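Just below is one structure, and these are the notes that go with it.
The values are calculated or read from the model by the stated rules, or taken from the named source; none is laboratory data. Just so it is clear, the structure is predicted and the values come from calculations on it, not from any experiment. Note that we place each Cβ from the backbone using ideal geometry, even for glycine, and neighbour counts take in every protein chain shown.
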Amino acid sequence: MTARQGILAVRIEQDVVLARQAVRQAAVASGLRLVDQTKLVTAASELARNTVIYGGGGQMEWELLDEGLRRGVRLVFSDQGPGIVNVEQALTDGWSSGKGMGLGLSGSRRLVDTFELDTTPGVGTRVTISKWT
């Protein structure tokens, strides 16, 4: 029997790899097609990396979803880092507060079915995504 939910610490680069593995397992368990598995794992990798680099570490919560004929996976990345001052700018392709390519948040948003960003400067950031069959 597969676990229906879990929490994983995302504090160091190695945790990003563990997050990818956990998301892949959840995506397979939910019945996502291979292309959708890949999209979800890619989005999760970007968000986990952001949690480590910009949020100073945090956690990833995952949950298998079941709504009638639809099945899916919900992921929540949260940290208690500096937060995002300008969300609109942060979601713009090509903009980066660091040395990245600026595709982490905006790219992740395009790869999933739902994307919610809740952030407060000085308090932290919480990104919730989901992918459905």
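Assorted remarks:
- Selection from the stretch 94-120 of residues that are part of a loop (DSSP other than H, G, I, E, B) and either at pLDDT 95 or above or surrounded by 12 or more Cβ atoms within 10 Å (Cβ to Cβ) (or both): 95, 96, 97, 100, 102, 103, 112, 113
- Unmet requirement for residue 126, which otherwise passes all of (1) touching a residue at least 24 places away in the same chain (Cβ under 8 Å); (2) of a type in the set (D, E, K, R); (3) assigned to a helix (DSSP H, G or I): (3)
- Out of 58, 83, one residue alone is out of contact with any Pro (no Cβ under 6 Å at 6 or more places or on another chain) and surrounded by 16 or more Cβ atoms within 10 Å (Cβ to Cβ). It is 58.
- Identity of the residue in the stretch 1-17, out of contact with any strand residue (DSSP E or B) (no Cβ under 6 Å at 6 or more places or on another chain) and of a type in the set (A, V, I, L, M), that ends up nearest to residue 105 (Cα to Cα): 16
- Of the candidates 33, 49, 74, 4, the single residue that is of a type in the set (Lys, Arg) and out of contact with any Asp or Glu (no Cβ under 9 Å at 6 or more places or on another chain) is 33.
- Listed here are the strands (runs of 3 or more DSSP E) enclosed by the stretch 1-86 that have at least 2 residues being β-branched (Val, Ile, Thr) and over 19 Å from residue 113 (Cα atoms): 5-10.
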